[in-house]
Amino acid sequence: MSSLDLFLWVIFPYICLTVFVLGHIYRYHTDQFGWSAKSSQFLEKKKLKWGSILFHWGIIFVFFGHVAGVLVPKIIYDKIGITDHMYHFGAVWFGGAAGVICVVGGALLFMRRASVKRIRVNSTFKDWLSLVLLGIVVIVGFTNTVGYTASGGDFDYRTTIGPWFRGIMTFNPEPAYMIGAPIGFQAHILLAFALFAVWPFTRLVHVWSLPLEYLKRRYLVYRRMGPVQNVSKRIKP
Amino acid sequence: MAKKLPPFLKKLSYFGKSENMTDHATIAPDDRDAEKVYRRRWQHDKVVRTTHGVNCTGSCSWKVHVKDGIITWETQQTDYPTTGPDMPEYEPRGCPRGATFSWYTYSPVRIRYPYVRSALIELWREAFKEHKDPVNAWKSIVSNPEKAERYKAARGKGGFVRSSWDELNTLISASLIHTIQEYGPDRIFGFSPIPAMSMVSYAGGARFLNLIGAPLLSFYDWYADLPPASPQIWGEQTDVPESSDWYNSSYLIVWGSNLPQTRTPDSHFYVEARYRGAKVVAVSPDYAEFVKFADKWLPVQAGMDGAIAMAMTHVILKEFYVDQQVDYFNDYVKKYTDLPYLLLLKKNGDFYQGDKFLRASDIGRQTENSEWKTVVLDQSSNDFAVPNGSIGHRWENNQSWNLHMKDTDNQLDGIEPVLTLKGMEDEVVMAGFPFFGPDKKEILKRGVPVKKITKDGEEMYVTTVFDMLLANCGVNRGLAGDYPEDYDDLQPYTPAWQESISGVSRQDCAQIAREFAQNAIDSKGRSMIIMGSGINHWYHSDMIYRAILNLVLLTGCQGVNGGGWAHYVGQEKVRPLEGWQTVAMARDWGGPPRLQNGTSFFYFASEQWRYDNQTSDELISPLVDKPTYQHPGDYNVLSARLGWLPSYPQFNDNSIKIAEKTGKSDKDAIIKDVVQQLKEGKLKFAIENPEDPKNFPKVLFVWRANLIGSSAKGHEYFLKHLLGTHHGNLSEQNEEELTKEISWVQDVPEGKLDLMIDYDFRMCGTGLYSDIILPSATWYEKYDVSSTDMHPFIHPFNPAITPPWEAKSDWDAFKNLAKTFSEMAERYFTEPVTDLVATPLLHDSRDEISQSYGKIPDWKNGDIKPQPGVNLPRLHLVERDLTKVYDKFIALGSNVKESIGSKGIGWEAAKEYEKLKAINGTASQTKDYKDLPSLYTDRNAAETILTLSSTTNGSLAMKAWDALEKKTGLELKDLAEERAEEHMSFAEITAQPRKVISSPVFSGSETGNRRYNPFTTNVERLVPWRTLTGRQHFYMDHDLMIEFGEELPNFKAPLHKLAFYRGDHEPAAKGNEITLSYLTPHYKWSYHSTYGDTLPMLTLFRGGPHVWLNNEDAASVGIEDNDWIEMYNRNGVVVARAVVSHRMPKGIVFMYHVQERYINVPGSPITKQRGGTFNSPTRIHIKPTQMIGGYAQLSYGFNYYGPTGNQRDEKVVIRKMNRDEVEWLED
C-alpha cells in the first residue's frame, strides 16, 4: 500500500468530509440569507419543468440505490435470501433506469443554463461548478453501472467499496479494500468526495432544507416575540 | 445582554420544544430574527430636510433618509404651515420625479472626479512644460489654429480623462486671465438658470463672474418661458397666484397648461376647486391629462388660441360693456386700466390710426416729466385731467405716484374718467386697424368717436383706448365701418370668425366668455385663467397672452384672490430677492453687473442669424409701408446701440483698455471721448461684427444647467458654430445680404468658444460637449435655500451626506476657483484695471423715462446726438482689483449698509449688516476685510440672503414699506407690522418651512395668512403698476409696436414655416413622408427634479426617444406604434420611436421636452450620425417688439424683458425607418 493510496482513500475523504461538515456549519452561521436553491424558475419555466423534475426524481432514486448498495452490508442480503443475481437484476435495471432519468434531467438542466441567455447571465461560477461537478459524478457513476456492471464486469462493490465506505464512516478506515478497484469506480468516489467538499458553499445546501417537517407539522405556526433563551423556560410547565 | 447562541446551535436547540395549542396550531420555539432583514430594510440613521434644486417650480420640501452613511431614499415632508380653516392644505407635496432623485447619488451618470478631454489636457501639459507660464501656455494653444481645432473638434466625442481640481482651476484661470488681457472680461460668460430653487448655488458662480466683470446670461426669456405680455401690461416680470389660490376661484379656464403632469404637487387644488363648485374649462389641442378634469374641452387648432380669446373679448365687450353697463367692471377698468386714457390719432391716407397716448405736455400742462404723464377726460369737470400714478409721477418724488383719482399737479380731486367718447364726441372718424389673417394681412376700417384738440396750433383728434379697443374688436355700436352684424358674421373678431380659425364652435366660445364674465360679476372677480407653455412658446405668444388677458382685465379679476391670470411656465420667485441679488450680483462691492439677455447672445453666438429668413415684410402692420429693417438681427443692433437691450461682448475693443487709450483721467472726459468714438464709428458695438474673432465669446461657464442638451434651441447650430464640432445641420446660410447693420462675411466662423466648463453631478449633453467637467454636489449634499411662487414658503437644502468622491458644492467650487484666479492675477494684474461697463436703460430706474413718446432716437445717422443713459447705454467706469476677487468673494462688502432694495425703491440695512457679523462671523481668511461678515461657506451665504431680505426679515420689510410710503404718499406699513419682529434663520427654516412676510418687492399681500395673488396691493392699496400710465395696459404706443401692428391686443397666427428652403440640403425622399407642426411640451417622466436619464423613470415609458403622433397621420405614411421614425427639417434630424395615439390631433407631432441623444438613440440614415436631441429640429426666431427699451415698462431688466428664444413655429418631415435602417453605431 503506497502513501498515495493512503492519501486517496483515507486522508482525502476525511478532509472532504471535514470540510463538508464544518462548511455547512460555517455557511449556516454566516449566510442564512443566501441559504437557497437559487431558483431560476422566475427566468425560465418550460425547460426547467422537465429538467428539474427528471433530475430530482432520478437523483433521489440513485441516492437510495447507493444506500442499498454501499451502506447495507452484503451479508444482510444474503441473510434475507436475495441472491447475487436478484441483486444485480435490481441494481442494473432499477438503478440503470434511475440513472437514465437523472442523466437526462441533468443534461436538460445543463443545456438550459448554457443556452438561455437570461439564465446564463444570472449564473455564478459556483453554479457552474456544482452543476458540472455533479454532472461528472453522475455520468461516471452511470457509466460504471451501465458500462461495467451490466456488461458483465466481475467486480463486486458490495464486498470492496461497501466495507471501505462503512469503515470511513465508523472511523475505522481500511484503504486496502480500494486497491485494485476498477478505475471508473475509483474516479466516481474521488469526484464524489470532491463534490462533498464544495457542497456547503454552493446552492447544493438546499438539500438540507427539504421541508420534511411539513409532513407532520400543525398548519398554524406561531412564534413568540422575545429572546430565544426564554422559550424553553416559558413552555415548560 | 444575553449571549447570542450561534445559529447552528440555536437551530439544534429547538428540537422537541414545539408547544401544540390545538389540533391545527402550534407555538414554534424558533425566534423571529429572520424578520430583522425586512425590518432593517426601512431603518435609517437620520433624516435630513432638503429639496430639489434648479428649475422645478414645485419647491417641495423632502425628507432624505440616510443609513450607514448612504443616501437611501426620500419621502415627502408634511409640515407646511397651514393655509387656515376652510382651505385645503399644501401638505403633502412631491411627485414621482422627485421621489427618485436619490438614484442619481450613486448612479452610473454621476460625475465623480474632475474630467478634461485628453485632446486638450495633452496640449496643455505640453505647453505648460514648454512655457512654464500658464497664461502663455494657454495663449500658445488658442492662438494656434491647428491646436485649437484639435481639441474643439473633439467636443462631444468622448475622450475624457481624470484630472485634479488644482490643475483644472489653473487651466481655467489661465484662460480667464488671457481673455481679460487680450479681449476683455465681457468675452467670458456664465449660464445658470432659475436661481429661486437653489439660490446660493446660483450665487456661487454669479458672484465670482460679477467680481471679474463677466456677463451672466438670462434664462427666463431664453427658455421662452417669460411671457413678454406681462412686462407689457403690468411692468412686472411675472407675478402669479400661489396654487392654493386656485381654490378661491369659482370659474377656471385652464389654457395650455397641463397641471397634473407639470404641476403635480399643486394640482390637487385644481381638483378641490371643482369639488367646491368651480366650473373648469380646458383649452388644448390634444386630449391632455388636464383635459380629463374639465367640464368643457375646447379642442383648439394648435397655435390659434389668440382667435378664441379675441372672440371672447368681443363677446364680453358686446354683452357687458355695450348691451349693459356693469358697475363693477366700469369702476375697475376706469381705476386700474389704461382704457379711459386718451390717444392721439394720426392721419394715414383717407383714414386715421391710433398713435401715442396724449400727454400733459400735449395739452400745455408744463409740469415736471409732463411728457411722461398721460391724460384722461374728466367727467365731473368736463376737462382734461392728469391722474396721479403715471410714470412721470413716479420719478418726480412728490408722493403723487399712487392710484388716487387725483391730479396733484393741477389740484383736481375726485376725477371721474370718461370711458367712451360715444355720445359726447365731436365727430366720428374712420380709423384703420391692422388685421393679421392666417393667410393675409388686411386693414379693418371702423368708425370711432373722437374729440378735437389743438396741439401746437394744429387740430388733432383724440379718443379713448376703450373706444379703440371696441372698434378693433369689431363691437358694433351703430358706428360706420366694417363692423360685423352679429356673432355669426365672419368678420373679425366674432365667435363665427374664430370658429373658422380655431375650430372651436362659436356657441361654446360665446357661452364660456359670457359665463366667465357673469361669474366675475357674481363673485366680484373670482374668474381665473391658468395658462401655460402650450400657448407661451409661440413666436407671437405675447399677442396670444394679451388677447387672453383681456378677459381677466375687462372682468375686474386681476388683483382679486381667486381671479386673474396664473401663468406657470418655468416661472420662479426668488422670495428673498434683495439679499440674493446682493450676494449673487456682488452688489455689496459695487457694480454694476453685466447682465446679458440670453436670446440675443445665443442668436449671434450660434450664428443662427445667418440662417434667419424671416423678413419683417411678412410681419409688419398693414398700416405701415415698410419696416425699419428686414432682418430681425438688425433690430437687435439698433436695440443695443440705443441702450434698449444689453449687448455683451460690448465693443470691438477690450473694455479694460478703452479708458486708458483715451489718455484722459477724468471720468466724464473719458466717457465723452468714448461717446465720440462711437458716434464716429471708431469704436463699434461687437454685435455689428459677430464674425470677428475678437468679438467671439471666449469662455463659457455652465453650472446647474443643461445648456447644450436641453436648452440649446437650434442645437445643431450650437454644435457647428459655437463649439465647432460634428453636427447634423442641413440648412444653408442666406444667399445674399439681408442685413443692413450687421457686417456680412461669407466665411462662417466655427468653434468660437475657446473653453467651455461645466459643473454638474451627472454626465448630460452639456458635459459631453464641454472641454472640462467638474463634479458638483447634488441637491442632497449642500446648504442652500429654495422658494417658489407655487407656495408661499421658504425652506432649505441641507447636506444629507458630505459631497462624495471629489464633488464640491457650487459655492465651494467657485470659491476655490476665485482663490486660484486671484493668486495668479497677482502676477498679471499688478494694478487695478479700469473696466468700461455699458449697461442698458433699466426698468425701475430713472432711465426708463429717457426716450419720450416711444420714438426711436437713433443717433447713428442724422442729427440726434448720442447721450449715455438717454439714447445710448449708460457707461460706467469700474475699478477692478483682480487680485482681490477671492477676498471679496468670501467677505460681504459694506455697500449693503447704505443701500439695498429692488424695483425702484431702496433702504438702508446697517443694523442687519452688523447682525450678520454675529451670525456668520467675520472674514478672517482675508487680508483686508477681516471685520466684514464672512461668506466663506454656502451656509453663510444662505444666512446672509435670509438676513438681508424683506420677505424673511421683518425689520427690513418695515423699512421697505416705509420707503414705498415715502414714494407714494400711501399708508402701507401695516401690511408687515404683524411680523415686524421676525427674522427667519437657517435653523428655523430647517425646523419647518416658513411663510414669507409681505413685502413691496412683490405685488400681492400675504398679510394675515392670506393666499398670495398678484396685484392685490395695487388694487387694494392703490400702489401704481410700474407702467407708463401706472395702470394695466391694453395699449402700447411705442413706434415699434405700431410698426408691427401690436398697439392693441390682436390675433396673430403661428409663423408660416417650411421644413426646407431653397438652397438647404434637403435629403431625397425615400418612400412616404408627412410634414407636421413640431411641438415640444413637457414630459411626464422627466424634468427638473429628475431628468430623462433616470433609470426608474426610463422604465416607465418606452425607455428612449419617442414622438407622439395622430393615428391617421401615422397610418397615412405606414407608421405603426413603436416603429422607428426619422424626423427632420433644415435644422437637424431626430431618430425616435413613434407613439401612435388618437389623443393627438392631426397635423402636429409632440416630442416631449429634453429627450437627449445619449440614451438608446440609433444613427440617422441622413446624417450618418446618432440622431439629434429634441432641439435638433428647432431654431429660434426673435421678435423686434420684444427688443424695445428705454420706454417705461418696456425697459430692460434681467429676465424681465427681451426677445424670447421661442422655437415652436416649426415644421418637420417624418418618415418610417425600416428595421434594417436602424444602425446603433456601436462598432
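Nothing in this text is a laboratory measurement; each read-out follows from the coordinates by a stated rule. A quick note: this is a predicted structure, and the numbers were derived from the prediction, not measured. A quick note on method: Cβ atoms are made from the backbone with ideal geometry, for glycine too, and the neighbour counts reach across all protein chains shown.
Spin-label model, B:Lys524 to A:Asp84: label points 7 Å out along the Cα-to-beta-carbon direction sit 11.7 nm apart.
DSSP beta bridges fully contained in chain B are about 65 percent antiparallel. In region B:814-857, which residues have a backbone nitrogen under 14 Å from the label point lying 7 Å from B:Glu879's Cα in the Cα-to-Cβ direction? Of the residues in region B:814-857, B:831-835 have backbone N under 14 Å from the label point off B:Glu879. Distant-in-sequence amide contacts of B:Tyr539, defined by a placed amide H-H separation under 5 Å and a gap of 5 or more residues or a different chain, comprise B:Leu1055, B:Arg1208, B:Asp1209. What does a probe at B:Asp1220 reach in region B:1104-1127, counting residues whose amide N is under 16 Å from the point 7 Å along Cα→Cβ? The answer is none, because no backbone nitrogen lies closer than 16 Å to the label point. Look at A:Glu44, B:Glu371, B:Glu1006 and count the other Cβ atoms within 10 Å of each Cβ; fewest to most, that gives B:Glu371, A:Glu44, B:Glu1006. So, R0 is 22 Å and r is the distance between the beta-carbons of A:Phe64 and A:Ala107; what FRET efficiency does that work out to, to 0.05? Plugging the Cβ-Cβ distance into 1/(1 + (r/R0)^6) gives 0.50. Sorted on the mean count of surrounding Cβ atoms within 10 Å across their residues, most packed first, peptides A:52-64, A:109-121, B:785-797 read B:785-797, A:52-64, A:109-121. Here the protein assembly as shown is described by how far its Cα atoms reach on the three principal axes: 145, 76, 75 Å, from widest to narrowest. Normalised radius of gyration (Cα atoms, divided by 2.2 N^0.38 Å) for chain B: 0.93.
For region B:425-567, the convex hull spanned by the alpha carbon atoms encloses 155 Å³ per residue.
Across the options B:Ile890, B:Tyr1035, B:Asn1122, the greatest Cα extent toward the positive end of the charge dipole of the protein assembly as shown (unit charges at beta carbon of Lys, Arg, Asp, Glu) belongs to B:Asn1122. Of the GluC sites (Glu not before Pro) found in region B:1180-1227, those in coil by DSSP whose Cβ has at most 14 other Cβ atoms within 10 Å are B:Glu1226. Take the alpha-carbon centre of region B:235-292, take the same for region B:530-607, and report the distance between them in whole Å. Spelled out, the Cα-based centre of one part sits 19 Å from the other.
The peptide list B:20-33, A:29-42, B:1052-1065, put in order of mean Cβ contacts within 10 Å with the highest first, becomes B:1052-1065, B:20-33, A:29-42. If you take all other residues with their beta carbon under 12 Å from the beta carbon of B:Ala987, and give Lys and Arg +1 and Asp and Glu -1, the sum is +1.
The distance between label points at B:Asp489 and A:Arg223 comes to 8.6 nm (points 7 Å beyond Cα on the Cα→Cβ vector). Between B:Thr1099 and B:Arg150, the simple label model (points 7 Å from Cα in the Cβ direction) yields a spacing of 4.6 nm.
A dipole drawn for the protein assembly as shown from +1 and -1 charges on Cβ atoms has a positive end, and of B:Thr50, B:His537, B:Val870 the residue lying farthest that way is B:Thr50. Counting Cβ atoms of other protein chains within 10 Å of each Cβ in A:210-217 and taking the mean gives 1. Around the amide H of B:Asp1123, modelled in the peptide plane, lie the amide H atoms of B:Ala1138, all under 5 Å away and 5 or more residues distant in sequence or on another chain. The residues neighbouring B:Glu182, those whose beta-carbon lies less than 9 Å from its own, together hold a net charge of +4 under the Lys/Arg +1, Asp/Glu -1 convention.
3J(HN,Hα) along region B:625-633: 5, 8, x, 4, 9, 8, 8, x, x Hz, from the Karplus curve 6.51 cos²θ - 1.76 cosθ + 1.60 with θ = phi - 60°, whole Hz, x for Gly and Pro. Diffusion of region B:1074-1221 by Stokes-Einstein, at 25 °C in a medium of 0.890 mPa s and with Rh set to the Kirkwood radius over alpha-carbon pairs, works out to 148 µm²/s. Normalising by residue count, region B:326-442 has a Cα convex hull of 149 Å³ per residue. For chain B, the dipole from Cβ point charges (+1 on Lys and Arg, -1 on Asp and Glu) about the Cα centre works out to 3260 debye, to the nearest 20.
From the alpha carbon centroid of region B:365-430 to that of region A:7-56 is 96 Å.
For region B:1218-1225, backbone phi angles converted through the Karplus equation (6.51, -1.76, 1.60; θ = phi - 60°) give residue-by-residue couplings of 6, 4, 6, 8, 7, 10, 8, 6 Hz, Gly and Pro being listed as x. When the Cα positions of B:Gly562, B:Tyr913, B:Pro1067 are compared along the charge dipole of chain B, B:Tyr913 comes out farthest toward the positive end, with charges on each C-beta of Lys, Arg, Asp and Glu.
In this structure the amide hydrogen of B:Gln1032, modeled in the peptide plane, comes within under 5 Å of the amide hydrogens of B:Thr337, B:Asp338, none closer than 5 places in sequence on its chain.
Going by neighbour counts of Cβ atoms within 10 Å, the residues B:Tyr275, B:Tyr929 line up, fewest first, as B:Tyr275, B:Tyr929.
Peptide B:21-28 has a mean shielding of 5, counted as Cβ atoms of other protein chains within 10 Å of each residue's Cβ. Across peptide A:28-37, the average count of Cβ atoms from other chains found within 10 Å of a residue's Cβ is 2. Taking Lys and Arg as +1 and Asp and Glu as -1, the other residues whose beta-carbon sits under 9 Å from that of B:Tyr1035 total -3. Take the Cα of B:Glu971, step 7 Å along the line toward its Cβ, and report every residue of region B:1000-1031 whose backbone nitrogen sits under 14 Å from that point. It comes to B:1021-1022, nothing else. Only DSSP H runs of four or more residues enter the estimate; each adds -39500 (n - 2.57), and after division by the residues of chain B the mean residue ellipticity at 222 nm equals -7500 deg cm²/dmol.
Once you order the gyration tensor axes a ≥ b ≥ c over the Cα atoms, which shape class does region A:52-93 get: rounded for a/c under 1.5, otherwise prolate or oblate by comparing a/b with b/c? Judged from the Cα gyration tensor, region A:52-93 comes out prolate (a/c at least 1.5, a/b above b/c). Entry note, chain B: relative contact order of 17 percent, from Cα contacts under 8 Å with a spacing of 6+ residues. Helix by helix, which DSSP H runs in chain A go 18 Å or more along their axis at the Cα atoms and have an average Kyte-Doolittle hydropathy of 0.0 or more? Passing helices, by number: A:12-30, A:46-66, A:96-115, A:125-143, A:183-198. For region B:123-243, rounded, prolate or oblate, judged on the Cα gyration tensor with a ≥ b ≥ c (square roots of eigenvalues), a/c < 1.5 rounded, else prolate if a/b > b/c? In terms of gyration-tensor shape, prolate. Principal semi-axes of the equivalent ellipsoid, √(5λ) from the alpha carbon gyration tensor of region A:3-235, are 33, 25, 20 Å from largest down. Applying 1/(1 + (r/R0)^6) with R0 = 25 Å to the Cβ-Cβ distance of B:Asp68 and B:Ser985 gives a FRET efficiency near 0.20.
3J(HN,Hα) along region B:428-445, derived from phi through the Karplus expression 6.51 cos²θ - 1.76 cosθ + 1.60 where θ = phi - 60°, amounts to 10, 10, 7, 10, x, 10, x, 10, 10, x, x, 10, 8, 8, 9, 10, 8, 10 Hz, with x in place of Gly and Pro. Give the distance, in whole Å, between the Cα centre of region B:1021-1096 and the Cα centre of region B:1144-1170. Here the answer is 20 Å between Cα centres.
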